[in-house]
Amino acid sequence: MTNANSCQDRRRSPHRPAGVLLVVVSATATASAAPQDPLFTEESWARGVQYTMRGPWGALTEGSAGFGNAIADLDGDGDPDLVLVGRSNGLPGIFENDGGGHFVNRSFTAGLLPLAKASVVLAFDHDGDRDLDLFFGQWAEPDRLYRNDGGFQFTDVTESSGLGATRRTSGASVADFDGDGWLDLHVCTYHDPLPGGESRNLLYRNRGDGTFEEVAVALGVASSQPSLQSAMFDHDGDSWPDLFLANDRGNLKQTNRLWRNVGGVFVDVTEETGTGIGMCSMSAGIGDLDGDLRPDIHVTNAVNDVPPMEGSNLLLLQQSPSDFVRAEEAWGCTHDRMSWGSTFWDFDNDADLDLYVVSEDEGNSLYRNDGGPPMVDIGPVSGLAGNGADAFTVAHGDLDLDGDLDVLLNNLSHPVEIFFNQATADRRWLRLRIAGEFPNWHGVGAVAIVRHGGPKRQRAQWRQVLVGGNGYLAQHETTLHYGLGSDAVADEIVVVWPCDGGQRVLTGLPADQVWTILPESRLGDLDDDGDVDAADRDLMLEWVETPLVPGREAADLDGDADLDRADLSLLWSRAGWARPDLDGDGLVGGADLATLLGHWGSDDPIADVDGDGVVAGSDLAEMLGHWTKTK
């Protein structure tokens, strides 16, 4: 297309947006003073990943605009695996992580059939069995859903699930929008209906029986504009996932949109929030750039000379739930490149979110945030500028488990690239796996705020577990990553589960660890078998008064980062046992008395009923007061 008013004329505009000169000058100055070693090194082939993207097969309305990728733990072993689409033969790429950032190709044995025009991939647990299933959106071909059967084996359940629509599927996102625990799916459809079809976005409600019901029309979110990416995130802090939509050709048709989720019902708040900008939107980046604990939005743009955007990427900083303001010029992240994927992340572990933007026809930008505006584009010296190929999709995760974020980058007509992070030096970090309850076991939609630095220089960082969003066509690793700078401990962690699912406050967790944060309902179940019983008691007695380490988080019932007698007493209470019931059989009797007398005068926690550090008369009195009482 050559229409000057069309965002499909993807060439450079003669009009350079304000602020670009500052970025270019800063980047040049940075390059001259930078060390020789890059911050990132490309190691895909050395790490066992060989997967080449095909080129484009037509204009945007006829083919695909890039190909998706995902970083996700498909086998549940604690290290992230890779999912890729876009190969010339259509076969998705499945690569198993060996735990050290090296990968084994499972593509040919995974049971996945070639997907001729796959565009997007998401990994989420659609059936509540704790395995991540795979959704593939396609361009003018049926979308597909594959159930994860374990061991990198997948079964096509598209027909039974009801997710096999044939549309021009672009970006998608996942959240539990109606609060029933089951994960729902929003799918963007690019404009212009196929013959005999219609063009509108889809919202699939998960019925909980392996099937989905399409409800976009009923809920007022069946947008028919050319949408390229959605994000379901909690913009107003009420724990319910809201819906943001990035629309291409917004200067000609409909602008970007924001719907607030009010208990499972969507209300259009685009106009009142200031998010309805008309532009050629591609990505929906979500993150708290300015550190005020409110999520901001970054949207990439096409090179274009049509007001009001004129090719500038968009940065919307949230001032309040009803007020977003444009800030791309102030923050130095506006430019005239043909941009696609973008993501907020802390690449250097300095506790500030940075911004990475990939571009179709020029080098990629890495905007380093040093704590306030403007940011500096260090792309030319970072190792992430790219090789001149058309870049569309980027995902990040800690692929080699060394405490910093690595990059998975898709380029058209080139092999997939994996960039390993060399930038974090001796800075500290914290990673949180937010667990949930059945059926949302992976805590999708949960928000975690980490405070660190002590009372004199306390910092606070906001993150949310997102599946889709924070980019274009991609899924990042869902383990939440926090750079802590020089801080060795998280003073406080506040986790809020979605849709009024409760919250927890934890204190004193040490840095440089991956911690699993469990909801209240799963505390005390130390062996994770679904109940609190004698086996959990035995483990607690083994672990009590030992340091808290990853894997034992369910035993820290009071959330103070140690395993002590207070946790032991809480376990007894959680199980419904009277504390003097030392053997947990439901009775306080002779067996319990024998145990107490056998530990008389010691500090053994099993018999220290009142938790004062010694087994003595007060413990005996407590036991006699509960004699023969049942649980």
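General observations
- Checked against (1) out of contact with any helix residue (DSSP H, G or I) (no Cβ under 8 Å at 6 or more places or on another chain); (2) surrounded by fewer than 20 Cβ atoms within 10 Å (Cβ to Cβ), Leu405 passes all but a single condition, namely (2).
- Residue ranges of strands (runs of 3 or more DSSP E) in segment 84-177 with at least 2 members open to solvent by 10 Å² or more (accessible area, probe 1.4 Å): 103-105, 133-142, 144-148, 154-156, 166-175
- Close Cβ contacts (under 9 Å, 6 or more residues apart or on different chains) running from residues in segment 376-392 that are of a type in the set (Ser, Thr, Tyr) to residues that are part of a loop (DSSP other than H, G, I, E, B) comprise Ser382/Ala34; Ser382/Pro38; Ser382/Leu39; Ser382/Phe347; Ser382/Asn364; Ser382/Ala423.
- Considering segment 208-244, and only residues there that are of a type in the set (Phe, Trp, Tyr) and under 19 Å from Gly274 (Cα atoms), the residue that is nearest to the chain's Cα centre (by Cα) turns out to be Phe233.
- Residue match in segment 521-541 (condition: under 28 Å from Ser239 (Cβ atoms) and touching a residue at least 60 places away in the same chain (Cβ under 8 Å)): yes
- Matching residues, segment 123-163, being of a type in the set (A, V, I, L, M, F, W, C) and under 21 Å from His186 (Cβ atoms): Ala123, Phe124, Leu132, Leu134, Phe135, Phe136, Trp139, Ala140, Leu145, Val157, Leu163
- Scan of segment 535-569 for residues that are open to solvent by 40 Å² or more (accessible area, probe 1.4 Å) and in a helix (DSSP H, G or I), ordered by number: Ala535, Asp538, Leu539, Leu541, Glu542, Ala566, Ser569
- Qualifying residue in segment 251-258 (condition: part of a strand (DSSP E or B) and under 26 Å from Phe392 (Cβ atoms)): yes
- Residue among Val416, Val447, Val467 that is open to solvent by less than 10 Å² (accessible area, probe 1.4 Å) and either touching a Cys at 6+ places or on another chain (Cβ under 9 Å) or under 25 Å from Asp296 (Cα atoms) (or both): Val467
- Residue within segment 329-347 that is among the aliphatic types (A, V, I, L, M), touching a Pro at 6+ places or on another chain (Cβ under 8 Å) and open to solvent by 10 Å² or more (accessible area, probe 1.4 Å) present: yes
- Filter result for Asp529 (assigned to a loop (DSSP other than H, G, I, E, B) and either in contact with a strand residue (DSSP E or B) (Cβ under 8 Å, 6 or more places away or on another chain) or open to solvent by 30 Å² or more (accessible area, probe 1.4 Å) (or both)): yes
- Given (1) open to solvent by less than 20 Å² (accessible area, probe 1.4 Å); (2) at pLDDT 95 or above; (3) among the acidic types (Asp, Glu), index of the condition Asp350 fails: (1)
- Qualifying residue in segment 272-285 (condition: open to solvent by 30 Å² or more (accessible area, probe 1.4 Å), in contact (Cβ under 8 Å) with a residue 12 or more places away in the chain, in contact with a strand residue (DSSP E or B) (Cβ under 8 Å, 6 or more places away or on another chain) and charged (D, E, K, R)): no
The values are calculated or read from the model by the stated rules, or taken from the named source; none is laboratory data. Everything numeric in this text was worked out from a predicted model, so none of it was measured. Don't worry about glycine lacking a Cβ; one is built from the backbone with ideal geometry, like all the others, and counts go over all protein chains shown. Areas reflect the complete protein model, heavy atoms only, side chains present, ligands, DNA and RNA absent. Shrake-Rupley method; radii C 1.70, N 1.55, O 1.52, S 1.80 Å.
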